[in-house]
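K.L.:
Before we start, here is the structure in question, set down as structure tokens.
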Amino acid sequence: MLAEVLKQLNCRDGSIVVDCTLGGAGHAKAVADLIAPGGLLIGIDVDETAIEAARENARFSQQTKLIKDNFKNLDKILHNLGIHAIDGILFDFGLSSTQLDAPERGFSYRFEAPLDMRMDISQKLTAADVVNTYSEAELASVIKRYGEERWASRIAHFIVEAREREPIKTTTQLVDIIKDAIPASARRRGGHPARRTFQALRIEVNKELEGLDRAIRDAVKWLKPGGRIVSISYHSLEDRIVKDTFKELARGCICPPSIPICQCGRKSSIKILTRRPIRPSPEEIEANPRADSARLRAAEKI
Ligand SMILES: C[S@@+](CC[C@H](N)C(=O)[O-])C[C@H]1O[C@@H](n2cnc3c(N)ncnc32)[C@H](O)[C@@H]1O
């Protein structure tokens, strides 16, 4: 959704723009071209390998600061850089193709790999820890909440039974357990049977949804009036958090209509630019089927 991202960010020569999810730097490079020669691009990623790859391979046309950190630390990052305000900020949540396609990272149910799933390889908790140490109730809750998997309780039960025989160490071991847990008739519907459980584990390992609303509020706080925030989500849980946080920030006075003069003093801090989320075009989905679930939302600081 590159063209739409650039349109919504509305940046120009001299803009200071933060890409909170640098990944393969596709968006970042295009933004850098637009803000050259006077702008500054700040690229953040929690995955050291994304930062390294961008440092080595991305030929940015523009002054760039690349930082390995979690975007939840935006305040600290921008303070350390001596930045006072920004013109644009982008969140393109989830995993990059590089992460998904690297078998050793353990994100994909298509490859035999250790159950890892950490975006930040310096963190301790892995998917193997979750699968082998969480209680059955905790596992069921994670799989249900983050995977929206109707067979969550059965999958959790099968996981606990299997790990009593031997620890679950690999993606293929887990895929086999999930397949056994889901009845054959249900397995034929809704894509790969392990898709939802893998999504849930990945969200849990990387604490993807925790503090997302606060990260969006922090981002808006740093925007100059007229500055833009753009987000791309890939599942409904993430999209709901963005939608609700935008709504909350866009809401002004909350006094009851019976009070003629505002008492609450609340002011809207953003104007929502996308009443409905923007979806990728059919051509884009055909070229990149992973884009199918993408939902773009944008807002402008008042
Ligand atoms: C979908 S990819 C971004 C792709 C990128 N926009 C591009 O054009 O190539 C998401 C990236 O965000 C990173 N990421 C996810 N959550 C993060 C967080 N909380 N803080 C920093 N980076 C994060 C992931 O490691 C991944 O590299």
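The values are calculated or read from the model by the stated rules, or taken from the named source; none is laboratory data. None of these values were measured; they are calculated from a predicted model. Glycine gets a Cβ as well: all are built from the backbone with ideal geometry, and neighbour counts include every protein chain shown. Each accessible area value is taken on the protein alone, full model and side chains, heavy atoms only, with ligands, DNA and RNA left out. Shrake-Rupley method; radii C 1.70, N 1.55, O 1.52, S 1.80 Å.
K.L.:
Name the single residue, out of those in the stretch 135-169 being under 21 Å from residue 235 (Cβ atoms) and part of a loop (DSSP other than H, G, I, E, B), that is least open to solvent (accessible area, probe 1.4 Å).
P.N.:
Once the filter is applied, the top-ranked residue is 149.
K.L.:
For residue 73, only one of the following conditions fails: (1) surrounded by fewer than 21 Cβ atoms within 10 Å (Cβ to Cβ); (2) closer than 22 Å to residue 14 by Cα. What is its number?
P.N.:
It fails just one condition, (2).
K.L.:
Still on this structure, I have one more. Can you name the residue in the stretch 54-95 that is modelled with pLDDT of 95 or more, touching a Gly at 6+ places or on another chain (Cβ under 8 Å) and among the small types (Gly, Ala, Ser) and is also nearest to the ligand (Cβ to nearest atom) among such residues?
P.N.:
Here the residue is 88.
K.L.:
Are any of the residues in the stretch 116-134 surrounded by fewer than 18 Cβ atoms within 10 Å (Cβ to Cβ), over 14 Å from residue 205 (Cα atoms) and within 16 Å of the ligand (Cβ to nearest atom)?
P.N.:
No.
K.L.:
For the subset of the stretch 23-53 comprising residues that are acidic (Asp, Glu) and surrounded by fewer than 16 Cβ atoms within 10 Å (Cβ to Cβ), which member is nearest to the ligand (Cβ to nearest atom)?
P.N.:
Within the stretch 23-53, the match that is nearest to the ligand (Cβ to nearest atom) is 48.
K.L.:
I need the full set of residues from the stretch 9-23 which are touching a helix residue (DSSP H, G or I) at 6+ places or on another chain (Cβ under 6 Å) and in contact (Cβ under 8 Å) with a residue 60 or more places away in the chain, in order please.
P.N.:
Once the filter is applied, which keeps residues that are touching a helix residue (DSSP H, G or I) at 6+ places or on another chain (Cβ under 6 Å) and in contact (Cβ under 8 Å) with a residue 60 or more places away in the chain, the stretch 9-23 yields 11, 15, 17, 19, 20, 23.
K.L.:
Report the residue count in the stretch 186-211 for those that are at positive phi and modelled with pLDDT of 95 or more.
P.N.:
2
K.L.:
Filter the stretch 68-95 down to the residues that are among the aliphatic types (A, V, I, L, M) and out of contact with any strand residue (DSSP E or B) (no Cβ under 7 Å at 6 or more places or on another chain) and list them by number.
P.N.:
Hits for the stretch 68-95 are 74, 78, 95.
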